[in-house]
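**Q** What follows is a structure written as C-alpha cells; I'll ask about it next.
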There are 2 protein chains.
Amino acid sequence: MSQNIYDDPTFFAGYSRLRRSIEGLDGAAEWPALRAMLPDMAGLKVVDLGCGMGWFCRWAREAGAAAVLGLDLSARMLERARAATSDPAIVYATADLANLDLPPGAFDLAYSSLAFHYVADGARLYQAVARCLAPGGRLVFSTEHPIYTAPTRPSWAKGEDGETIWPLNRYQMEGPRVTDWLAPGVIKHHRTVATTVNLLIAAGFVIDRIEEFRPSPDEVVAQPALSVELARPMFLLVCAHRH
Amino acid sequence: MSQNIYDDPTFFAGYSRLRRSIEGLDGAAEWPALRAMLPDMAGLKVVDLGCGMGWFCRWAREAGAAAVLGLDLSARMLERARAATSDPAIVYATADLANLDLPPGAFDLAYSSLAFHYVADGARLYQAVARCLAPGGRLVFSTEHPIYTAPTRPSWAKGEDGETIWPLNRYQMEGPRVTDWLAPGVIKHHRTVATTVNLLIAAGFVIDRIEEFRPSPDEVVAQPALSVELARPMFLLVCAHRH
C-alpha cells in the first residue's frame, strides 16, 4: 500500500496553497510540455492515475473526451474533485496505484501527473497500465526525475567556485527516499531513467518521446527563480503507446 | 569536423596506458552490459563507428560476423588496428563521424563505443546511422552519460555532511564541454538523455533498452574504487533498431 500523505492535514493545507492547486493546469510549469504529448482527445476514454483535485479530468472533458475516470488514494483530494464538477461523464474513485486493477483494454489514454514516484513497484504499475489500455492506446505521464529524487540531501548547494550545484549521489541506489516536503516523512520511490524506460518496454510499451522538463527561456524571464532549474532536470515526462 | 584528440601524442600515450587499451574489451567495465545488447553476430555485416584500436572489430569476426568495417578519425588508432589483424573481412577506413556517409541499408549492426559524445550534431549522426542500416538493423552504442559531461567542474566533491557527491549543474544547457582528460582541451558535446532518445526516435529508431552503466556488486568487490560510481551514472548505453 502506498503512503497516503495527501490526507495528512499539514500536507494537504500546504499542497492547497501551491500555484497548481489554485490555478490548475496553467499553474504547473510542466503542463505545456505534457499537453504537447497528448493525442486529440475527441471521443477518448481516459483514466487519470492520481487525479488529485481533478483539474486534468475536467480539462479532458472540455477537450472532447467521451468519459474520464479519475483515481486517487486521497479522500480529501477526491472530495475537492467531486465538488468541482457535476459532469456525469467524469467518475471519481478511490484507488491505490500500487494495487491498480482496471478492466483490460478499457481506455484509450492513461494520464498521470506526478504520482508514479509514490509507487514502489514500477514493474507491476506499468503492466497494470498497459493492460487497461486498448491496443495502440497511449500513456502520458510526469514523474519526479530520478536526479531530483536520488540525493541524500536534495537541496541546492554551492560548488567549489561558488556555482550553484545539485549535490547528486545515490543515483544508482534504487528504492525509497524519505523527504520533508510540505510535511515530514514523505515517501517517494527512486527509479533510474533506464529502469523506467526498460520497465515500460517490458510491459509492452513503445517509447514515443521523453522530456526532462526545463523551463523555456520565456518562462525564465517571467519567473527568474526558475533559472536555477537549468542545472538539473526536475521532472521526467514520458509519452508511450501500447503495441 | 570533430576534434581529433586521439592523434595528440600526449593524449594517445595516456590512452594507450588505459586498461581498455591493454586488455581490450575485457578491460572495459561496461563491456558485459554492452555485449548483452548485441544480437547473434553470425553472418552480420557490421560497422564500428569510432573503432579505435579495433578490439571490437576483431571480437565481432570471432563471434561470426561476415564482414566488419571499422571507422575512426585517428591515424594512430587505425595504425594500431591494422597492425593487429590480417583478416581480409575486417576493413578499416578514416572517417569523421560528423560527416558520416555510408551506403544505404549496407549494415545489419552499427556499434559504437564512447565516440558519439565527440560529435556535435546528434540529429545528423543518428540519421546517417539509420540510413546505413538495413530495415530491422540494430544500433548498439555507449556514450558518456550527460550527467557525467554536464558540470562546470566534473570531479567528485564533498557534500555538507561529508558525503561524496557529483556536483551537477548545466545539465539542461546543451553544447560543447571542454575538459582536461589525458590532455588539455578535450572537446565533448553534451546532450541530455531526452535529446538522445528523441533524436534516435526521430531518425527512425525504436528504443529497445537503455542502461545507465553501474558496476555490479561483484565488480565493486573486485575493484573497490568503483563503489563511488553508485553515486552517478557514468555511461549511457543504448540498444535500438530501425523500423
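The values are calculated or read from the model by the stated rules, or taken from the named source; none is laboratory data. On a predicted model such as this, the values are computed, not experimentally measured, just so you know. Every residue, glycine as well, gets a Cβ built from its backbone with ideal geometry; the counts of neighbours run over all protein chains shown.
**Q** Can you go through B:A110, B:A81 and tell me which one is within 19 Å of B:L200 (Cβ to Cβ), surrounded by 16 or more Cβ atoms within 10 Å (Cβ to Cβ) and among the small types (G, A, S)?
**A** On the way: B:A81 fails: within 19 Å of B:L200 (Cβ to Cβ).
That would be B:A110, the only listed residue that is within 19 Å of B:L200 (Cβ to Cβ), surrounded by 16 or more Cβ atoms within 10 Å (Cβ to Cβ) and among the small types (G, A, S).
**Q** Further question: Yes or no: A:R177 more than 7 Å from chain B (Cβ to nearest Cβ), out of contact with any Phe, Trp or Tyr (no Cβ under 9 Å at 6 or more places or on another chain) and buried (at least 17 other Cβ atoms within 10 Å of the Cβ)?
**A** yes
**Q** Follow-up. Any residue at all in the range B:164-174 that is more than 7 Å from every other protein chain (Cβ to nearest Cβ) and modelled with pLDDT of 95 or more?
**A** Yes, the range B:164-174 has at least one match.
**Q** Now, a different point. Identify, from the list B:A130, B:A123, B:A95, the residue that is more than 16 Å from the chain's Cα centre (by Cα) and buried (at least 20 other Cβ atoms within 10 Å of the Cβ).
**A** Answer to the check: B:A130.
**Q** Inspect the range B:148-168 for any residue being buried (at least 20 other Cβ atoms within 10 Å of the Cβ), touching a Gly at 6+ places or on another chain (Cβ under 8 Å) and in contact (Cβ under 8 Å) with a residue 40 or more places away in the chain and give the result as yes or no.
**A** Checked the range B:148-168: at least one residue is buried (at least 20 other Cβ atoms within 10 Å of the Cβ), touching a Gly at 6+ places or on another chain (Cβ under 8 Å) and in contact (Cβ under 8 Å) with a residue 40 or more places away in the chain.
**Q** Tally the residues that are in a strand (DSSP E or B), hydroxyl-bearing (S, T, Y) and within 11 Å of another protein chain (Cβ to nearest Cβ), restricting the search to the range B:143-157.
**A** Summing the residues that are in a strand (DSSP E or B), hydroxyl-bearing (S, T, Y) and within 11 Å of another protein chain (Cβ to nearest Cβ) in the range B:143-157 gives 0.
**Q** Still on this structure: Out of (1) without any contact (Cβ under 8 Å) to a residue 40 or more places away in the chain; (2) in contact with a strand residue (DSSP E or B) (Cβ under 8 Å, 6 or more places away or on another chain); (3) on the phi > 0 side of the Ramachandran plot, the odd one out for A:L114 is which?
**A** Only one criterion in (1) without any contact (Cβ under 8 Å) to a residue 40 or more places away in the chain; (2) in contact with a strand residue (DSSP E or B) (Cβ under 8 Å, 6 or more places away or on another chain); (3) on the phi > 0 side of the Ramachandran plot is unmet by A:L114, namely (1).
**Q** Consider A:S16 carefully, then state whether it is polar (S, T, N, Q), under 16 Å from A:A81 (Cα atoms) and surrounded by fewer than 16 Cβ atoms within 10 Å (Cβ to Cβ). Working first, answer last.
**A** Working: polar (S, T, N, Q): yes; under 16 Å from A:A81 (Cα atoms): yes; surrounded by fewer than 16 Cβ atoms within 10 Å (Cβ to Cβ): yes.
In short, yes.
**Q** Taking the range B:154-191 as the region of interest, how many residues are over 12 Å from A:W166 (Cα atoms) and among the aliphatic types (A, V, I, L, M)?
**A** The total comes to 6.
**Q** Right, something else. Of all residues in the range B:230-243, which are at the interface with chain A (Cβ under 7 Å from one of its Cβ atoms) and in a loop (DSSP other than H, G, I, E, B)?
**A** Selection gives B:R232, B:P233.
**Q** Has the range A:108-128 got any residue that is among the hydrophobic types (A, V, I, L, M, F, W, C), farther than 29 Å from A:Y148 by Cα and at pLDDT 95 or above?
**A** Within the range A:108-128, not a single residue is among the hydrophobic types (A, V, I, L, M, F, W, C), farther than 29 Å from A:Y148 by Cα and at pLDDT 95 or above.
**Q** Right, here's the next one. Specify the residue that is surrounded by the fewest Cβ atoms within 10 Å (Cβ to Cβ); the eligible residues are those in the range A:194-204 that are in contact (Cβ under 8 Å) with a residue 60 or more places away in the chain and out of contact with any helix residue (DSSP H, G or I) (no Cβ under 6 Å at 6 or more places or on another chain).
**A** Of everything passing the filter in the range A:194-204, A:A202 is surrounded by the fewest Cβ atoms within 10 Å (Cβ to Cβ).
**Q** A follow-up question, please. Suppose we keep only residues that are at pLDDT below 95 and under 19 Å from the mean Cα position of the chain (by Cα) within the range B:212-222. Which one would you say is nearest to the other protein chains (Cβ to nearest Cβ)?
**A** Taking the range B:212-222 as the starting set, the residues that turn out to be at pLDDT below 95 are B:213-222.
From what's left, under 19 Å from the mean Cα position of the chain (by Cα): B:213-215.
Values: B:F213: 9, B:R214: 4, B:P215: 9 Å.
Among those residues, the one meeting the criterion is B:R214.
**Q** In the range B:194-211, which residues are facing chain A (nearest Cβ under 7 Å) and farther than 23 Å from A:R242 by Cβ?
**A** The answer is B:E211, and nothing else.
**Q** I would also like to ask the following. Would you pick out the residues in the range A:34-66 that are surrounded by fewer than 20 Cβ atoms within 10 Å (Cβ to Cβ) and among the small types (G, A, S)?
**A** Result: A:A36, A:A42, A:G43, A:A63, A:G64, A:A66.
**Q** Of the conditions (1) more than 28 Å from A:A128 (Cα to Cα); (2) without any contact (Cβ under 8 Å) to a residue 12 or more places away in the chain; (3) more than 11 Å from chain B (Cβ to nearest Cβ), A:A183 satisfies every one except a single condition; which number is it?
**A** Result: A:A183 passes all but (2).
**Q** Cβ-Cβ distance below 9 Å, separation of 6 or more or different chains: which pairs start in the range A:122-145 with a residue that is without any contact (Cβ under 8 Å) to a residue 40 or more places away in the chain and end on one that is aromatic (F, W, Y)?
**A** Note: pairs meeting the criteria are A:L125/A:F116.
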